[in-house]
Every structure is written in structure tokens, then in C-alpha cells.
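K.L.:
Just passing along the structure, written as C-alpha cells.
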Amino acid sequence: MDAFYASVELLRYPQLKDLPVVIGGGRRAIHEALEVLRAQDLADADPTEPEPPWDEAAQRAALKRIPIDAFARLHSYTGRGVITTATYAARQFGIGSAMGLMKAAKLCPQAILLPVDFEEYRKFSRRFKSIITEIAPLMEDRGVDEVYIDFTDVPGGQREGGRVLARLIQKSIFEATGLTCSVGVAPNKLLAKMASEFNKPKGIAIVYESDLETLIWPLACRKINGIGPKADEKLKSFGIETIGQLAQRDVAWLAQTFGPKTGAWLHAASHGRDDRPVSLDSEPVSMSRETTFERDLHAVRDKAELGAVFTRLCEQVAADLQRKGYVGKTIGIKLRYDDFKSVTRDITIDHYTADAKTIRQMAGQCLKRVPLERRLRLLGVRVGALRKRADTLSSGKNQAIAPVKSGGSAMHLEAHTDQLF
């Protein structure tokens, strides 16, 4: 999907079309603007008529009437937040996802700042995916805004090398949601992923095996999904900057330098080889929640604030698990200190759970294993080793989802975590 979160927001705020917009702010400006519009509507209403409704539908309609000057601007932002995504108009200023809002404000101070609404994004995600499966049922879900499709056996799918089918998918999604997407068509998932980035937004790119040297090899190694910053830096230290240069390296050298498994994968990827099938079983392996603080917090001096945040994150993860019908056994934490160094710790318990109190207690145990002298910039909680709750129940392991009871060791753990946060 093209700039998915931002595109969803522009459906609510069409007056912001073609303007630089970033997602990641607070809701105060929107609430204040709606209050002004509500007051104006009441003032303009006929006093002899019933008061006009101000329900969810009325407020959603009012969003389209908010004057552009009423929206929050990036130049007035202060804090530690990061950008979730940005419109293409904002990206032209060098703004991108995961960039700090304060840094982005220097690049484009006039950009409009909107709040994040994950529930709305999930709703549109479900809609566009249901449209795709009606056309091409073999779909692999890759998150809120991305899928893989195996269209080998879709009737007429091979016309013009897949271009006709790609156009149909784009047209169907746009007509049903107002959103646009870009499609990459290729013999395998590796190349299709890369191709999907070629002509954004609203693009279609088709890559054949014969296009490897002309279309793929000139690209930077980072364009291969799976090569991260550290691997890219190591490749560059050997003078390898493009995929073509990587393809010229002997597989034995790659295996010796990066390890047998990674070396073999790098060699295969640089030659456009990928035998992974489109997987219809896209169960999540973990669920997590994290937050970046507006200011760095200390485990002792900001104990009350950190404790409240820690508890809220645990409750949010538990709610996510319960809403989606999962339970997990591995509970972990993530900390990022004021020097930007991060640590993670986890613990595996002997039963499956989606209970907020249990998650809080076990995550607290993980805190015992990390240094807390430095101030904290970020705090996160994660639950992994997931299973469907229904599967756990059907296997006769009802006790597996029972929360930790009060008393005994559980009380001791709770007391200990209270000492930390």
C-alpha cells in the first residue's frame, strides 16, 4: 500500500491533499478544532429545532471541515516522538518513517502533524486484504499494509505477464477504499518485493528472470529484503555496494566471511533465487507494545511514572492477545537508554497466558536482569511463543492459560517488581 497510514488519514482529511503531512502527533489540535466546529454549528442552528446530533458519524463528517490553519504544525512540536509515516509531499523534504519529530521539524517546519489511529488502519487493512482474496485467494499476509500473492493458477492471471491482474487489483482496492497500492510482479517473493518499490506510488513493475542484470544488479545491497544496516556496512567494508558486486563474490568467500547459512543466502539472493512459497499460514510469533518517552526517565526518581507506563504496556499487550485469541509463554522487555543503546531480556514460563497481571509479574522479573542506573528513553513489553487460545483449550490444557495466583512466590515477584518501578 502507498504511504498507508498517511493515505488513510487523507481520506478523513481530504483538505490536506498534496500537503506535507506527518503521522505521529497528539490529538489535542483535532479535539479543539472539533469543539470550535461544534460551537459554530450550535450557534447557526435554529433554536426552535432539536439540537443537531454530535455522534461519531457527525464528528467524522466534521473532520473534513476543519480549516487547514487549525491543524498542528511540526514547527510547534516539542518532545521525543518519532514519525510513524509521512505523505509523499512530506517525503520530498527528506522526512521518513522512524525519524524523530524534532529533526523532521527542521527539515519541514510547515508540515501538518496528525495523530496515529491504529484501529482505523487495521480496519482498512482488513478491507483491502478481503478484496485481494476475492481475486487471488492464495495470499500471504505480511503485516498491516503488505501482502504476497501467488497468482499462478488465477484465471487470466498471466495476461501481459501479470500486468492485467495487477491493474484489476489496484482498481478494485481504489474503488472500494479510495486507497492506492503499488504492485511488483516476479517469479519469486524476493524479486516481487523489490519490484514493488520501483514505481511508487500507484506503480506496477514486472521483473523477469532475464531482467536480473539490468534491473536488479545496479541496485544497492540494502534493497534486498533481509540485508540490514550492519550487514550492509560490513559488505561496504569489502567494497561491495551493489547487488551486482555481491553476485560476483564466490559463495565460499561469502560463507567464510558471513557464516555458511548467511553466505549461501547472500549468494542466492544476489542471483535472484528464492524458493520460499507464498505462505497461507501467517500466524504471529509474538505481540508487543512499546513507547518512547517525551523525556528520559530514571528508574528511581521517576518510579511512579515508569510503573504506570510499564503496567499500561502489559495491559495493552494482554488486550491485544485476548482480542486476537492468542496466548503465549515467553515474556520479555526491551529498554533503550539515554545513550541509545538497547537491551532485551525474556523469560519462558511453564504455562500459556494472556493475563495482564501475569505478564506484568514476569516482565518485572526480566527487569531484575538489566542495569537500571542510566535514564531510559524507551520501554517495551513483548509476549512470544504464541499459540491460538482455542488450540490450547482443545488440547485439554485448560490449566495452561490460568493466571498466576496471588500468594506464595507470585506475591514475592510482585513485591520485587514494585521495588524496581
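K.L.:
Take E56 and tell me if it is of a type in the set (D, E), touching a helix residue (DSSP H, G or I) at 6+ places or on another chain (Cβ under 8 Å) and over 23 Å from Y88 (Cβ atoms). So that I can check it myself, show each step before the final result.
P.N.:
Details: of a type in the set (D, E): yes; touching a helix residue (DSSP H, G or I) at 6+ places or on another chain (Cβ under 8 Å): no; over 23 Å from Y88 (Cβ atoms): yes.
Answer is no for this residue.
K.L.:
Just give me the residues in the range 194-213 being under 24 Å from Q92 (Cβ atoms) and either crowded, with 20+ Cβ neighbours inside 10 Å or out of contact with any Ser or Thr (no Cβ under 7 Å at 6 or more places or on another chain) (or both), in sequence order. Full working, then the answer.
P.N.:
Residues of the range 194-213 under 24 Å from Q92 (Cβ atoms): 194-205.
Answer for the range 194-213, where residues must be under 24 Å from Q92 (Cβ atoms) and either crowded, with 20+ Cβ neighbours inside 10 Å or out of contact with any Ser or Thr (no Cβ under 7 Å at 6 or more places or on another chain) (or both): M194, A195, S196, E197, F198, I204, A205.
K.L.:
Which numbered condition in (1) open to solvent by less than 90 Å² (accessible area, probe 1.4 Å); (2) not in a strand (DSSP E or B) is the only one that R276 fails?
P.N.:
So the condition that R276 fails would be (1).
K.L.:
Identify all residues within the range 214-240 that are buried (at least 17 other Cβ atoms within 10 Å of the Cβ) and assigned to a loop (DSSP other than H, G, I, E, B); write none if there are none.
P.N.:
W217, I224, I227, I240
K.L.:
Please identify the pairs in which a residue from the range 117-134 that is assigned to a helix (DSSP H, G or I) has its Cβ atom under 6 Å from the Cβ atom of a residue that is of a type in the set (G, A, S), counting only partners at least 6 apart or on another chain.
P.N.:
Correct list of pairs: I131/S172; I131/A176.
K.L.:
Let me ask something else about it. Within the range 1-69, which helices (runs of 4 or more DSSP H) (wholly inside it) include 3 or more residues that are loosely packed, with under 14 Cβ neighbours inside 10 Å and without any contact (Cβ under 8 Å) to a residue 24 or more places away in the chain?
P.N.:
28-44, 56-63
K.L.:
Would a scan of the range 318-330 turn up a residue that is part of a helix (DSSP H, G or I), touching a residue at least 40 places away in the same chain (Cβ under 8 Å) and buried (at least 19 other Cβ atoms within 10 Å of the Cβ)?
P.N.:
yes
K.L.:
A follow-up question, please. Would you be able to tell me the number of residues in the range 270-286 that are closer than 19 Å to L190 by Cβ, small (G, A, S) and out of contact with any helix residue (DSSP H, G or I) (no Cβ under 6 Å at 6 or more places or on another chain)? Steps first, answer last, please.
P.N.:
Just the residues of the range 270-286 that are closer than 19 Å to L190 by Cβ, to begin with: 270-280, 282.
Then drop every residue that is not small (G, A, S), which leaves 270, 272, 279, 282.
Still in the running and out of contact with any helix residue (DSSP H, G or I) (no Cβ under 6 Å at 6 or more places or on another chain): 279, 282.
Here the count works out to 2.
K.L.:
OK, next. So, L313, is that one touching a residue at least 60 places away in the same chain (Cβ under 8 Å), of a type in the set (A, V, I, L, M), open to solvent by less than 70 Å² (accessible area, probe 1.4 Å) and not in a strand (DSSP E or B) or not? So that I can check it myself, show each step before the final result.
P.N.:
Working: touching a residue at least 60 places away in the same chain (Cβ under 8 Å): yes; of a type in the set (A, V, I, L, M): yes; open to solvent by less than 70 Å² (accessible area, probe 1.4 Å): yes; not in a strand (DSSP E or B): yes.
Criteria met by L313.
K.L.:
State the number of residues belonging to the range 78-87 that are closer than 12 Å to F4 by Cβ and open to solvent by 20 Å² or more (accessible area, probe 1.4 Å). Please lay out each step first, then the result.
P.N.:
To start, the set of residues in the range 78-87 that are closer than 12 Å to F4 by Cβ comprises 84-87.
When the remaining residues are screened for being open to solvent by 20 Å² or more (accessible area, probe 1.4 Å), the result is 84.
Selection size over the range 78-87: 1.
K.L.:
Out of all the residues in the range 3-57, which are farther than 18 Å from V116 by Cβ and in contact with a Lys or Arg (Cβ under 7 Å, 6 or more places away or on another chain)?
P.N.:
Scanning the range 3-57 gives P14, Q15, L37, W54.
K.L.:
Which condition from (1) under 14 Å from Y5 (Cβ atoms); (2) more than 21 Å from the chain's Cα centre (by Cα) is the one that A98 breaks?
P.N.:
Failing condition for A98: (2).
K.L.:
Still on this structure, please answer the following. So, A186, is that one buried (at least 18 other Cβ atoms within 10 Å of the Cβ) and within 17 Å of A264 (Cα to Cα) or not? So that I can check it myself, show each step before the final result.
P.N.:
Working: buried (at least 18 other Cβ atoms within 10 Å of the Cβ): yes; within 17 Å of A264 (Cα to Cα): no.
For A186, the condition - buried (at least 18 other Cβ atoms within 10 Å of the Cβ) and within 17 Å of A264 (Cα to Cα) - is not met.
K.L.:
What are the pairs with Cβ atoms under 7 angstrom where one residue, in the range 190-211, is on the phi > 0 side of the Ramachandran plot and the other, located anywhere, is modelled with pLDDT under 95 and not polar (S, T, N, Q)? Sequence gap at least six, or different chains.
P.N.:
K202/D2
K.L.:
Given the criteria free of Cβ contacts under 8 Å to residues at least 24 places away in the same chain, over 25 Å from K223 (Cβ atoms) and open to solvent by less than 40 Å² (accessible area, probe 1.4 Å), does V154 qualify? Explain how you work it out, then say what you get.
P.N.:
Values: free of Cβ contacts under 8 Å to residues at least 24 places away in the same chain: yes; over 25 Å from K223 (Cβ atoms): yes; open to solvent by less than 40 Å² (accessible area, probe 1.4 Å): yes.
Yes: the conditions hold for V154.
K.L.:
Can you tell me how many residues in the range 279-309 are in contact (Cβ under 8 Å) with a residue 12 or more places away in the chain, part of a helix (DSSP H, G or I) and open to solvent by 30 Å² or more (accessible area, probe 1.4 Å)?
P.N.:
Here the count works out to 1.
K.L.:
I'm told T180 meets every condition in (1) part of a helix (DSSP H, G or I); (2) of a type in the set (S, T, Y); (3) surrounded by 16 or more Cβ atoms within 10 Å (Cβ to Cβ) except one. Can you identify the failing condition by its number?
P.N.:
Among (1) part of a helix (DSSP H, G or I); (2) of a type in the set (S, T, Y); (3) surrounded by 16 or more Cβ atoms within 10 Å (Cβ to Cβ), the lone unmet condition for T180 is (1).
K.L.:
Answer yes or no: is there a residue in the range 167-176 that is in contact with a Phe, Trp or Tyr (Cβ under 7 Å, 6 or more places away or on another chain), assigned to a helix (DSSP H, G or I) and β-branched (V, I, T). Write out each step before concluding.
P.N.:
Residues of the range 167-176 that are in contact with a Phe, Trp or Tyr (Cβ under 7 Å, 6 or more places away or on another chain), as a first pass: 173.
When the remaining residues are screened for being assigned to a helix (DSSP H, G or I), the result is 173.
Now drop any that are not β-branched (V, I, T), which leaves 173.
Among the residues of the range 167-176, at least one is in contact with a Phe, Trp or Tyr (Cβ under 7 Å, 6 or more places away or on another chain), assigned to a helix (DSSP H, G or I) and β-branched (V, I, T), which makes the answer yes.
K.L.:
Taking interchain pairs and intrachain pairs at least six residues apart, which have beta carbon atoms under 9 angstrom, with the first residue in the range 157-172 and surrounded by 18 or more Cβ atoms within 10 Å (Cβ to Cβ) and the second modelled with pLDDT under 90 and of a type in the set (S, T, N, Q)?
P.N.:
As it stands, the answer is L165/Q158, since those pairs meet every condition given.
The values are calculated or read from the model by the stated rules, or taken from the named source; none is laboratory data. Note that this is a predicted model, so its numbers are computed, not measured. Neighbour counts run over all protein chains shown; Cβ positions are idealised from the backbone, glycine included. Each accessible area value is taken on the protein alone, full model and side chains, heavy atoms only, with ligands, DNA and RNA left out. Shrake-Rupley method; radii C 1.70, N 1.55, O 1.52, S 1.80 Å.
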